[in-house]
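*Asks:* This structure is in structure tokens; I'll ask about it shortly.
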Amino acid sequence: MTEDSQRNFRSVYYEKVGFRGVEEKKSLEILLKDDRLGILPPHHESHAQVMAYRREQYSDILHALQVIRFVSETTPQVEVHLRMYQLESGKLPRSPSFPLEPEDKVFIAIAKAMEEMVEDNVDCYWIVRCFMNQLQKYRDFLPQLPKAFEQYLNMEDSRLLNHLKTCSAVSKLPYDLWFKRCFAGCLPESSLQRVWDKVVSGSCKILVFIAVEILLTFKIKVMALNSAEKITTFLENIPQDSSDAIVSKAIDLWHKHCGTPVHSA
């Protein structure tokens, strides 16, 4: 097990003791953080100082972008965070008018979703930044996810997969939305939290099972569509009211096919 996997044991532990939902985890997290139990988060005494450094760094980066006129007071917050991330990673374009790269659009989608989860702009930026860095660790594995999706869908419902093949839809499914953007813009934020918890804990394979479960949940609708374009359009705009159930069933599928997953790709 890698060092990251050893540190990110939280999600595995929660599931072993029966906690699978975000809301269910909160009560346990509160208990684990209660000083009266004698259990403190690592380096608890340095949290305030670290956050002060991060706020100062955020302010410095923002000021630099304002000086070079890449952002202004009217710039949307997600774009501000994109430019900050580009500057920090050495990928700031020569002009703010340059078209966005595909990876920039991924950042924007994830940042928009994160804005709905995190109120503080500084916290939001640092969480998105760390999330994007985590995705970078999966860059060699992400191209394999469409094939894994096809494999597991075939195991669950070969007839459904054959319908997708008949419609020439397999290669045209919204893989970027599913796997590169981690369902940002597809699932509501309440459901994304549960999915992203798995991703940041060390496994992006959960994304495959979310995609499979989406197909299984909307099988009747998908089977009634007879073109790749119609199927893709529907999957890019699935009904939101089933999302929590989809995530729960996807986690069950994950356990079914992978046992109790150790958080690795």
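The values are calculated or read from the model by the stated rules, or taken from the named source; none is laboratory data. Keep in mind that this is a model prediction, so the values were computed, not measured. Using ideal geometry, Cβ is built from the backbone for each residue, glycine included, and neighbour counts are taken over all protein chains shown. Please note that ligands, DNA and RNA were not included when accessible areas were found on the heavy atoms of the full protein model with its side chains. Shrake-Rupley method; radii C 1.70, N 1.55, O 1.52, S 1.80 Å.
*Asks:* Could you pull out the GluC sites (Glu not before Pro) across region 90-165 that fall in loop regions by DSSP (anything but H, G, I, E, B) with no more than 14 other Cβ atoms inside 10 Å?
*Replies:* 119
*Asks:* How about region 48-84: which trypsin sites (Lys or Arg not before Pro) there lie in a loop by DSSP and see at most 10 other Cβ atoms within 10 Å?
*Replies:* For trypsin sites (Lys or Arg not before Pro) across region 48-84 that sit outside H, G, I, E and B with at most 10 neighbouring Cβ atoms in 10 Å, the list reads 69.
*Asks:* While we're looking at this one, here's another question. Leaving out ligands and nucleic acids, and using a 1.4 Å probe, what accessible area per residue does region 129-265 come to in Å²?
*Replies:* Value returned for region 129-265: 43 Å² of accessible area per residue.
*Asks:* May I ask you to derive the relative contact order of region 107-207, considering only C-alpha pairs under 8 Å and at least 6 residues apart, and to give it as an integer percent?
*Replies:* Relative contact order here is 32 percent.
*Asks:* Compute the FRET efficiency between residue 155 and residue 100 as 1/(1 + (r/R0)^6), taking r as their Cβ-Cβ distance and R0 = 51 Å, and round to the nearest 0.05.
*Replies:* 0.85
*Asks:* Let's test the formula: R0 of 41 Å, r as the Cβ-Cβ distance of residue 228 and residue 77. What FRET efficiency results, to the nearest 0.05?
*Replies:* Step by step, r from the Cβ atoms, then E = 0.70.
*Asks:* Follow-up. Expressed in nm to one decimal, what extension gain is obtained for the pair residue 122 and residue 144 from 0.36 nm per residue of sequence separation less their Cα-Cα distance?
*Replies:* Answer, rounded to one decimal: 4.5 nm.
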